[in-house]
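The block underneath contains the structure these notes are about, expressed in structure tokens.
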Amino acid sequence: MILWSTKYTDNILINDKHWSVSKLPAIENGRLKFNGMTAAWWFDGNKMHEPIILDEMDFEVIKNGKKGKLVPKKKVTDYRFFGSPEKYRVNIIDEDNDFRFELTPWNDFLQKHRFKENHYTKKYSYNIMKIYGMKLKGVIEGEKVKGTGYFQRVNVNAPAAPWYWGLVHCESGSFIHYFNPFIGPQIFRTKKKQRSKLDFGDISLSGSILFYHKETDTEFNFRTKSVKVKHHFEDDVPVFIVTGDDEEKRIRMVLKAYSRAHWRFQQPRKYGMKSILYYNEYPATLLDFEFEKKDGTLIVKKEDLGKTCANFEHTWGKMF
């Protein structure tokens, strides 16, 4: 996982590293230039390495028709994202790391570039561009690898509330995705430990589940009131149960983490409260899955999806 980021703030701690924006984003000679940070982490099959990168640097974004590139500018490193929808490349290369990846089209539904924006109020808003899935191949320290990739670019102008998020890539070409921002006692959590007495009473702000079934080339969506996300712990790792149920269909899946990457973001107190957000990412195994249309015309089980790989997030605290 690699993250290129900037934030309009004078004072923030990422883990224990202090950062403040040194210059605002600006267009210069047709190029977007800004100051920010690059962060990266990876799971090697046995151990989570976090972070392998957490550095401040300047960036340039260059666009030429459908081609473009994001260029973090730091000597003796290459953290670029570049290419076009036909082939994107991601490099994570420095004196300690050598990751080189290529992302190419998978199927028409997954590789589509989707853009969405929403204005909560006249002041607060967000927008997102995402690619649900592409085929991935590459090299890690000289060893060839292959798999799948996901990409998103997010702009947010709003306080950050906690959320649950996850996705599953399926060998069959099917795809599962959920998102559930919420408020409740967890906004007062300030510690990194996964178990907390404040982990209850979530009040959902919105919720969505998307299931794309490749065999029928059909997209099924579940909206806020029908979406439930619950979790418990087994072997000191979280297990998430995500369900959706409406008049026409139902869905249920169980995801179990097998490692954890966590990041702490802290800004100065505001309104007398700590402004701390913990971002937790979990590579996960899909333990169970079932989807059915209530008229009986379609039932999909876990074994119908082929090999799967999953990832989910759980954040707590708040950032304003």
Take the residues in the range 222-257 that are surrounded by fewer than 14 Cβ atoms within 10 Å (Cβ to Cβ) and under 20 Å from the mean Cα position of the chain (by Cα), then tell me which one is nearest to LYS318 (Cα to Cα). LYS230
Quick one: how many residues across the range 240-295 are of a type in the set (Ser, Thr, Tyr), assigned to a strand (DSSP E or B) and modelled with pLDDT of 95 or more? 5
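Assess whether ALA40 counts as being surrounded by fewer than 16 Cβ atoms within 10 Å (Cβ to Cβ), of a type in the set (Gly, Ala, Ser), without any contact (Cβ under 8 Å) to a residue 60 or more places away in the chain and in contact with a Leu (Cβ under 9 Å, 6 or more places away or on another chain). Don't jump to the end; show me each part of the working.
Values: surrounded by fewer than 16 Cβ atoms within 10 Å (Cβ to Cβ): no; of a type in the set (Gly, Ala, Ser): yes; without any contact (Cβ under 8 Å) to a residue 60 or more places away in the chain: yes; in contact with a Leu (Cβ under 9 Å, 6 or more places away or on another chain): yes.
Considered against the rule, which asks whether it is surrounded by fewer than 16 Cβ atoms within 10 Å (Cβ to Cβ), of a type in the set (Gly, Ala, Ser), without any contact (Cβ under 8 Å) to a residue 60 or more places away in the chain and in contact with a Leu (Cβ under 9 Å, 6 or more places away or on another chain), ALA40 comes out as no.
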Return the residues of the range 199-220 that are aliphatic (A, V, I, L, M) and in contact (Cβ under 8 Å) with a residue 40 or more places away in the chain; say none if nothing qualifies. LEU205, ILE209
Number of positions in the range 14-58 that are part of a strand (DSSP E or B) and either under 25 Å from ILE276 (Cα atoms) or under 21 Å from the mean Cα position of the chain (by Cα) (or both): 24
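Are any of the residues in the range 82-94 among the polar types (S, T, N, Q) and either free of Cβ contacts under 8 Å to residues at least 40 places away in the same chain or over 24 Å from LEU167 (Cα atoms) (or both)?
Taking the range 82-94 first, the residues among the polar types (S, T, N, Q) are 84, 91.
Checking which are either free of Cβ contacts under 8 Å to residues at least 40 places away in the same chain or over 24 Å from LEU167 (Cα atoms) (or both) leaves us with 84, 91.
There is at least one residue in the range 82-94 that is among the polar types (S, T, N, Q) and either free of Cβ contacts under 8 Å to residues at least 40 places away in the same chain or over 24 Å from LEU167 (Cα atoms) (or both).
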Under 8 Å by Cβ, and 6 or more places apart or on different chains, what pairs join a residue from the range 154-171 that is closer than 20 Å to PRO238 by Cβ with one that is in a loop (DSSP other than H, G, I, E, B) and modelled with pLDDT under 95? ALA161/LEU205; ALA161/LYS318; PRO162/LYS318
Options LYS144, LYS112, LYS130: the member that is in the same structural domain as ILE53 (by TED's automatic domain parsing), touching a strand residue (DSSP E or B) at 6+ places or on another chain (Cβ under 7 Å) and either closer than 25 Å to LEU70 by Cα or of a type outside the set (Lys, Arg) (or both): LYS130
Unique residue being in contact (Cβ under 8 Å) with a residue 40 or more places away in the chain, surrounded by fewer than 17 Cβ atoms within 10 Å (Cβ to Cβ) and out of contact with any helix residue (DSSP H, G or I) (no Cβ under 6 Å at 6 or more places or on another chain) when the list is ILE176, ILE140: ILE140
Just name the residue that is nearest to PHE211 (Cα to Cα) out of those in the range 92-116 that are assigned to a loop (DSSP other than H, G, I, E, B) and acidic (Asp, Glu). ASP108
Which is out of contact with any strand residue (DSSP E or B) (no Cβ under 8 Å at 6 or more places or on another chain), more than 25 Å from ALA160 (Cβ to Cβ) and either hydroxyl-bearing (Ser, Thr, Tyr) or not assigned by TED's automatic domain parsing to the domain that holds LEU167 (or both), of THR243, THR216? THR216
So, in the range 71-101, exactly how many residues are out of contact with any Asp or Glu (no Cβ under 6 Å at 6 or more places or on another chain), surrounded by fewer than 19 Cβ atoms within 10 Å (Cβ to Cβ) and among the β-branched types (Val, Ile, Thr)? 1
Could you list, in sequence order, the residues of the range 275-291 that are within 16 Å of ASN15 (Cβ to Cβ) and touching a residue at least 40 places away in the same chain (Cβ under 8 Å)? SER275, ILE276, LEU277, TYR278, ASN280, GLU281
Need the failing condition index for SER204 against (1) among the hydroxyl-bearing types (Ser, Thr, Tyr); (2) exposed (fewer than 15 other Cβ atoms within 10 Å of the Cβ); (3) under 21 Å from the mean Cα position of the chain (by Cα), just the number. (2)
Among residues of the range 161-200, those that are hydroxyl-bearing (Ser, Thr, Tyr) and in a loop (DSSP other than H, G, I, E, B), counted: 4
Residues satisfying the stated conditions in the range 246-257, i.e. in contact with a strand residue (DSSP E or B) (Cβ under 9 Å, 6 or more places away or on another chain) and in contact (Cβ under 8 Å) with a residue 40 or more places away in the chain: GLU248, LYS249, ARG250, ILE251, MET253, LEU255, ALA257
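Considering each of TYR178, TYR120, TYR164, TYR132 in turn, give the residue that is of a type in the set (Phe, Trp, Tyr) and modelled with pLDDT under 95. Steps first, please.
Numbers: TYR178 fails: modelled with pLDDT under 95; TYR164 fails: modelled with pLDDT under 95; TYR132 fails: modelled with pLDDT under 95.
Answer to the selection: TYR120.
The values are calculated or read from the model by the stated rules, or taken from the named source; none is laboratory data. This one's a predicted model, so the numbers in the text were calculated from it and none came from an experiment. Cβ atoms come from the backbone with ideal geometry, glycine included; neighbour counts cover every protein chain shown.
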